[in-house]
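Input: a single structure, listed below in structure tokens.
The values are calculated or read from the model by the stated rules, or taken from the named source; none is laboratory data. Note that the structure is a prediction, hence the values are computed from the model and not measured. Please note: Cβ atoms are built from the backbone with ideal geometry, for glycine as well, and neighbour counts cover all protein chains shown. Please note that ligands, DNA and RNA were not included when accessible areas were found on the heavy atoms of the full protein model with its side chains. Shrake-Rupley method; radii C 1.70, N 1.55, O 1.52, S 1.80 Å.
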Amino acid sequence: MKSIIAWTVRNTPAMNVLLVAIMVVGWLSFSSMRREVFPEFVLEIALVTVPYPGATPEEVEEGICQKIEEACRSVVGIKKITSVAREGMGFCVFEMNDSVDDAQRVVGEIRSEVERIPSFPELAEDPKVEQVTLRTPAIKVGVLSPSAADGGERSELELREVTERVREDLLALPSVSAVNISGGKDYEITVEISEDTLRKYGLSLKAVADIIRRENLELPGGTIRSEGGEVLLRGKNKKYAGDEIAKLPLVTLPEGLVLTVGDLGKVRDGFTDVAGRNRINGRHGLVVSVDRSSGEDLLAMVAEVKQYVADTSLPQGYELVTAADASVDVRERLDMLLSNGTQGLLIAVSYTHLR
């Protein structure tokens, strides 16, 4: 150790060159490193989601959750299974052991076991299997409507259309991979039939709902085997818009005339009726959250989003604002790191020259 110290004292120019080289490498590393608020980690959790429209929580538990648990219990690497059954939807959360090296392998095995389940209810939709990815908001963009008050359903639809456009534009940015609309109402198709019409055709609201549910389906139809291979049959009659629901048959008259939902009532696209209202700076609006995951540069993402907000033009009266900028904390920490390093370097150089 003494010989090394003696060598450094005798070779001051070499040590100066080494110091400059360390400073250059440090600056390059500082400039190219990924900037984030907290270190990222991967959640070893898989989620299986199965929609079951119209089913009660008890039916979801028996027809969905229990079957998934039984099918996936033998998958190696699973530590805990948690099932949630609610009206019209079933969830199964698979927590993996800490010793699992390849989470994607376990997710693939879970997907294979779920797809092999032959006895899901007829009305159940296709299951979705995915690994839970931790994402944190990088910045939020508020889309403000022209007026402070909620102008009704038409105004709500226009605001949602503008917000969806902003979301698509943000997803097209190179540094952005995930954008979600928060605070928006869920879409809803409303069917309104007068009491006189129901009486005239011997219907009830429950009967109308059952007929629409029965006609608005997508069901597997089996397999046809031939010399050329197998052909999968599937009945696709699922409707997703009000004008499509209006064409579903509702009543067949004795003379053979078929009356549709639109013939007997009004069908309109809208939103669920909720008591809450979103306000941004005192005006009606929606929030678009730009989220980031591990491996993405927070500062680059926020810079692109702010540039988009500054350059984009919306329909007359609409406005974009930004909030919850997570890059502020990162910049402050980087500035503090750079300031402390600069001060330490100046102190070291000054001490060397004073000696």
Based on alpha-carbon centroids, what's the gap between segment 167-200 and segment 249-315 in Å, whole number please?
4 Å
With 29 Å as the limit, write out which pairs from 140/185; 206/236; 128/306; 128/238 have Cα-Cα distances beyond it, or answer none.
128/306
In Å², what does the accessible area per residue of the chain work out to with a 1.4 Å probe?
63 Å²
Once you mark the chymotrypsin sites (Phe, Trp or Tyr not before Pro) that are in a DSSP loop and have at most 12 other Cβ atoms within 10 Å, what is the longest gap between them in the chain?
42-239
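Given a Förster distance of 22 angstrom, what is the FRET efficiency for residue 104 paired with residue 171, based on the Cβ-Cβ distance and rounded to 0.05?
E(calc), rounded to 0.05, equals 0.40.
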With T = 20 °C, eta = 1.002 mPa s and Kirkwood Rh from C-alpha pairs, the Stokes-Einstein D of segment 65-127 in µm²/s is about 172 µm²/s
What does segment 194-235 give for Rg and for Dmax, in Å, if only its C-alpha atoms count?
18.5, 57
Within the accessible area of the chain (1.4 Å probe), percent carbon and sulfur:
55 percent
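Report, in debye and to the nearest 20, how large the dipole of the chain comes out about its Cα centre when Lys and Arg carry +1 and Asp and Glu carry -1 on their Cβ.
Approximately 1420 debye in magnitude.
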Phi to ³J(HN,Hα) by Karplus 6.51 cos²θ - 1.76 cosθ + 1.60 over segment 258-264, Hz, x for Gly, Pro
9, 9, 8, 4, x, 6, 9
Could you list, bin by bin from short to long, the percent of Cα-Cα pairs of the chain in 20 Å steps?
19, 40, 28, 10, 3, 0
Taking every pair of alpha-carbon atoms in segment 88-193, give the share separated by more than 23 Å as a whole percent.
58 percent
For segment 250-335, convex hull of alpha carbons as volume per residue, Å³:
231 Å³
Can you pull out the GluC sites (Glu not before Pro) in segment 93-196 that DSSP calls coil and that have at most 13 other Cβ atoms within 10 Å?
122
Per residue convex hull volume, Cα only, segment 174-259, in Å³ is 210 Å³
Residues whose placed amide H lies under 5 Å from that of residue 86, excluding near-sequence neighbours:
91
Only loop residues by DSSP count here, and only those with at most 16 other Cβ atoms within 10 Å; note down the GluC sites (Glu not before Pro) in segment 216-312 that meet that.
227, 255
Label segment 199-317 by shape, choosing from rounded, prolate and oblate, from the square roots a ≥ b ≥ c of the eigenvalues of the Cα gyration tensor; if a/c is under 1.5 it is rounded, and otherwise prolate applies when a/b is larger than b/c, oblate when it is not.
oblate
